[in-house]
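Sharing a structure below in structure tokens format, with a few things to ask.
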Amino acid sequence: MNDRRAFLARATGAAALALLGPRRAFAARAKRASGGDDLDRPLAGDRYVDARQRRLLVDTLSRMRRVQATVGYGNFALLGFDQMRKVARQYHAVEAFTRAEAEFIEGLFYFDAREYGFYGEKVLGGLTDQVEVRHAVVVRGTGQRLLRGMAIERYQEMRRAVGPALVLTSGMRSMSKQIYLFLAKAARVDGNLSRASRSLAPPGYSFHAVGDFDVGQQGLGAANFTAAFARSEVFKRLVATDNLRMRYPRGNYLGVRYEPWHIRVV
Ligand SMILES: [Zn+2]
């Protein structure tokens, strides 16, 4: 990330997202700290993108979806921001990101996520930072990758303790993948950035970039990403064997919902 670009991004981002409206105290904060509630719903004080950004959100997401279709799901999870833009330029089916779209992403990245209620720390400081592709290991049968070393060892240890019913549901995520997931969530919830950030770390804030991963129970499907996972045999066995290291326990002060499936590695 060069300084000029970082500066421009900060300047345009701050201006663009200032349209979010005046900062308000979140009534939701106390609720978040208590953690006993379902946070994947609108809460008082939530902040939304404006109408112009809403259109950009949809357009940007659509272009990113085309990049993912072009390079494939697995490769997309390793793709840096610059590489994604390059792919977009090269393929007719995608076409280059417009200046407004690129600035929208940069603005989102350099905007302080605390402004909309996310209190995690930044893991990747620059938009063009990349995950360590060289150290990514494909986990057979999952379509996912994990970082060599602590992440893969932790996963194998958990499998030894629990057995094959424990599955990897989400591994390593590049900057592009995290932007994509965050924008997709934001689009599904009417541009509510606060609500999106309660279930998905904003771009740059995800520990999936540096080793964390999600697990589930085979056959549970999408329910693995709900509180239902905490009632599964796999979860109980993880607890019983002292193999559960949760990044986002109940009542965490990061503004993130309870995620019993997200494993802390780093
Ligand atoms: Zn996760």
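Restricting to the range 182-203, name every residue that is in contact with a Gly (Cβ under 7 Å, 6 or more places away or on another chain) and within 15 Å of the ligand (Cβ to nearest atom). Break it down into steps so the answer makes sense when it comes.
First, the residues of the range 182-203 that are in contact with a Gly (Cβ under 7 Å, 6 or more places away or on another chain): 194, 197-198, 201.
The answer is Ser197, Arg198, Ala201.
Out of all the residues in the range 209-266, which are within 13 Å of the ligand (Cβ to nearest atom) and of a type in the set (D, E, K, R)?
Listed by number, the residues that qualify are Asp212, Asp214, Arg245, Arg247, Arg257, Glu259, Arg264.
Here's something else I'd like to know. Please specify each residue of the range 209-258 satisfying the condition of being of a type in the set (D, E, K, R) and in contact with a helix residue (DSSP H, G or I) (Cβ under 8 Å, 6 or more places away or on another chain). Please lay out each step first, then the result.
To start, the set of residues in the range 209-258 that are of a type in the set (D, E, K, R) comprises 212, 214, 231, 233, 236-237, 242, 245, 247, 250, 257.
Asp212, Asp214, Arg237, Arg245, Arg247, Arg257 - these are the residues of the range 209-258 that are of a type in the set (D, E, K, R) and in contact with a helix residue (DSSP H, G or I) (Cβ under 8 Å, 6 or more places away or on another chain).
Is there any pair with a first residue in the range 144-159 that is within 26 Å of Gly72 (Cβ to Cβ) and a second that is among the small types (Gly, Ala, Ser) whose Cβ atoms are under 6 Å apart and which are 6 or more apart or on different chains, and what are they?
Going by the 6 Å Cβ cut-off, the qualifying pairs are Gln144/Gly171; Arg145/Ala136; Arg145/Gly171; Leu146/Gly171; Leu147/Gly211; Ala151/Gly211.
For the range 153-266, give me every one of the helices (runs of 4 or more DSSP H) that falls completely inside it and has 3 or more residues that are loosely packed, with under 15 Cβ neighbours inside 10 Å.
Values: elements: 175-188, 193-199, 233-240.
Helices (runs of 4 or more DSSP H) meeting the threshold: 233-240.
With the requirement that a residue be more than 22 Å from Arg145 (Cβ to Cβ) and of a type in the set (D, E, K, R), what does the range 86-121 give you?
Matches in the range 86-121: Arg89, Glu95, Arg99, Glu101, Glu103, Glu106, Asp112, Arg114, Glu115, Glu121.
Go through the range 55-77 and report how many residues are assigned to a loop (DSSP other than H, G, I, E, B) and crowded, with 20+ Cβ neighbours inside 10 Å.
Number satisfying all stated conditions: 1.
No lab work stands behind these numbers, since they all come straight from the coordinates. Values in this document were obtained by computation on a predicted structure and should not be read as measured data. All Cβ positions, glycine included, derive from the backbone under ideal geometry; neighbour counts span all protein chains shown.
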